[in-house]
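Each remark here refers to the structure printed beneath this line.
The values are calculated or read from the model by the stated rules, or taken from the named source; none is laboratory data. Predicted model, so just to flag it, every value in this text is computed and none were measured. Using ideal geometry, Cβ is built from the backbone for each residue, glycine included, and neighbour counts are taken over all protein chains shown. Calculation scope for accessible area: heavy atoms of the full protein, side chains included, ligands and nucleic acids excluded. Shrake-Rupley method; radii C 1.70, N 1.55, O 1.52, S 1.80 Å.
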Amino acid sequence: MSGVVAGAPGITGTLSDVRPDAAAVVEAARRYTVFEWGTQQVAPLAIERGSGIYLYGLDGVRYTDFNSIAMCVNIGHGDPRVAEAVAAQMAEVSFVSPFMVTRIRAEVGELLAQRTPPGMTKAFFTLAGADANEAAIRTARLVTGRRKILTRYRSYHGGSHGVLAASGDPRREPVEAGMGDIVRIPDPYHYRFPWIEDPAAFAAFNLAQIEQIIQLEGAHTIAAVMVEPVTGSNGLIVPPSGWLRGLRALCDRYGILLICDEVMSGFGRTGRWFASDHEDVVPDLMTIAKGITSGYVPLGACVLADHIADAIEDRPFGSGLTYQSHAVGLAAAKAVLGIYESDGLIDNAAAMGAHLLAGLRRLQERHPSVGDVRGIGLFSCLELVYDRGSRLELFPLVGQAGPAAAEIKAFLTGRGLLANLRGSFLFANPPLVIDAAQIDESLAILDEALDIADAATADRGAPPPAHAANLVPFTPWSNR
């Protein structure tokens, strides 16, 4: 079988016009396209359509999307209101120069200003979170005249050359010389620093560490601190209450700009419009993408506080894109912004997030492989450990994870649950349209999958994982 769809231009084959063969689609995709972040020895699912929290494969199997694809399909799959809005815009005008304006550009700019933190009323529209973060860094350097950007080790700010280098994610290593003037600061990762038990005391300690780095680097050399208010793909780290307010105060004290990367945490994911809203923090620059169109069409933005917008009024802005403020992406954004409100999705994220977190904590009680449970809204994960006492990660983030990780992934997919296991982090980030019954059904499958993880733990007598010799596990001071 050599083709994908019978009668398609340039492709020959004998497949059905009604339903292409899933294996042939995968074969052709592997032959003619390149897959990201790894080798090309992949076996992807062939998806035909989506509806709500579900994806449907070409093989007829229904899958529950428990990670909103990449923490972005917030309104769920297949909403016809977005398709209709996009089609209507394309019938009117699809694309103009970024030096021209369209009605949809003006409308979405205003709608966004009404929902972002107070005093943030101008947006530079991009295609994704990566170029939004690139624009934020360039703007911070332009406005301050300084070069250094402080970022966390457990962070991810996009896949382009510049911001991948600025990320702490291990994928930065081949390109990290590219951005230049990046300084790492410690994460507010309480589970990995348990010697200070009180969360408030730990937050104060972490902020003191950051302040010392600022002093040692020289505040006059630092343009901005760039953080995800809630870390996304590097472990879903929810900082202690008050930490982000403390970071805002620290930046103000030293005249440093604060960039909040809300690409994953924005648009209802945490139960508020933006994660920074939980602490009433107004950043100087905020970057968004993913949820702004729910992933239906590529779009991002760098949102400027008014004093930053004023500062670039009479000086050349250092960012530009051919598809900046693309009308089709903005039409999708307008529709999605309306759906968040008309369907009560942000309130649902808060309510269902509490239900999900309670369920995950029940799993923690039953499974020795679950070391920690973290979450806010429908933004949550389990951290899997070999041993709860040592807190040794069950699977490494980089390198060979061993057969148990592959077995867990295969089990989940086989049961129709698309839940992302990255390193030792098992994510639970479903679309904001999910209901309690659907959460419970998914938790039951996770419950079974964790039996596989349990079998690889010290509690069940498994030998230490191969990466244990390269790590320094947590040892309580009382045991030293």
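By the scheme Lys and Arg +1, Asp and Glu -1, what is the net charge of all other residues having a beta-carbon under 15 Å from that of H326?
Taking every Cβ under 15 Å from that of H326, the sum is 0.
Computed from the alpha carbon atoms alone, the convex hull of the chain holds 159 Å³ per residue. Placing unit charges on each Cβ (+1 for Lys and Arg, -1 for Asp and Glu) gives the chain a dipole about its Cα centre, and among L382, G320, P298 the Cα reaching farthest toward its positive end belongs to G320. By definition, a body whose alpha carbon gyration tensor gives a ≥ b ≥ c is oblate when a/c is 1.5 or more and a/b is not larger than b/c, and the range 29-100 fits this oblate description. Give the shape of the range 267-333 as rounded, prolate or oblate, defined through the alpha-carbon gyration tensor: a ≥ b ≥ c are the square roots of its eigenvalues, a/c under 1.5 means rounded, and otherwise the shape is prolate if a/b is larger than b/c and oblate if not. The shape class here is oblate. Here the alpha carbons of the range 340-480 define both size measures, Rg and Dmax, at 16.1, 57 Å.
For the chain, the dipole from Cβ point charges (+1 on Lys and Arg, -1 on Asp and Glu) about the Cα centre works out to 760 debye, to the nearest 20. Can you bin the range 52-163 into rounded, prolate or oblate? Criterion: square roots of the alpha carbon gyration tensor eigenvalues sorted a ≥ b ≥ c, rounded for a/c under 1.5, prolate for a/b above b/c, oblate for the rest. Since a/c reaches 1.5 but b/c is at least a/b, the shape of the range 52-163 is classed as oblate. May I ask for the net charge around G375, where only other residues with Cβ less than 12 Å from the Cβ of G375 are counted and Lys, Arg are +1 while Asp, Glu are -1? After counting each charged neighbour, the total is +1. Using a simple spin-label model with pseudo-atoms 7 Å out from Cα toward Cβ, R361 and A455 lie 3.0 nm apart. For the chain, the mean residue ellipticity at 222 nm estimated from helices alone is -11000 deg cm²/dmol, where every DSSP H run of n ≥ 4 contributes -39500 (n - 2.57) and the total is divided by all residues, rounded to the nearest 500.
Within the set of other residues whose C-beta is less than 15 Å from the C-beta of F267, count the net charge using Lys and Arg as +1 and Asp and Glu as -1. Can you show the working numbers first?
On the way: positive: R115, R269, R272, K290, K334; negative: D79, E228, D261, E262, D277, E341, D343, D347.
The answer is -3.
Model label sites at F99 and E217, defined 7 Å from Cα along the beta-carbon direction, differ in position by 3.7 nm.
In the range 342-386, Rg over Rh equals 1.10, where Rg is the alpha-carbon radius of gyration and Rh the Kirkwood radius from pairwise Cα distances.
The residues F425, F411, sorted by heavy-atom accessible surface at 1.4 Å with ligands and nucleic acids left out, run F411, F425 from largest to smallest.
Using a Förster distance of 51 angstrom, determine the FRET efficiency expected from the C-beta separation of D59 and E197, and round it to 0.05. Display every interim value, and only then the final one.
Details: r = 50 Å, r/R0 = 0.98.
With R0 = 51 Å, the Cβ-Cβ based efficiency is 0.55.
Projecting the Cα atoms of L394, A428, I346 onto the dipole axis of the range 326-430, where Lys and Arg carry +1 and Asp and Glu carry -1 at the beta carbon, places L394 farthest toward the positive end.
Cα-based Rg of the range 289-412 per 2.2 N^0.38 Å, rounded to two decimals? Spell out each step's value before the answer.
Values: Rg = 21.3 Å, N = 124, 2.2 N^0.38 = 13.7 Å.
That works out to 1.55 for the range 289-412.
Over the range 193-325, the hull volume per residue, using the convex hull of the C-alpha atoms, is 136 Å³. With protein chains left intact and a 1.4 Å probe, residues in the range 232-366 average 34 Å² of accessible area per residue. Computed in the context of the full set of protein chains, the accessible area of the range 175-265 at 1.4 Å probe radius has 55% of its extent on carbon or sulfur. Its alpha carbons considered, the range 185-267 gives a radius of gyration followed by a Dmax of 12.8, 36 Å.
Taking R0 as 41 Å, what FRET efficiency do you get between D314 and M90 from their Cβ-Cβ distance, rounded to the nearest 0.05? Computed FRET efficiency for D314 and M90 comes out at 0.65.
Using 1/(1 + (r/R0)^6) with R0 = 30 angstrom and r between the beta carbons of T33 and A410, what's the FRET efficiency to the nearest 0.05?
Working: r = 23 Å, r/R0 = 0.78.
With a Förster radius of 30 Å, E is 0.80.
Cross-link partners of K334 among lysines, defined as those whose alpha carbon lies under 18 angstrom from its own and excluding same-chain residues fewer than eight positions apart: K122, K290.
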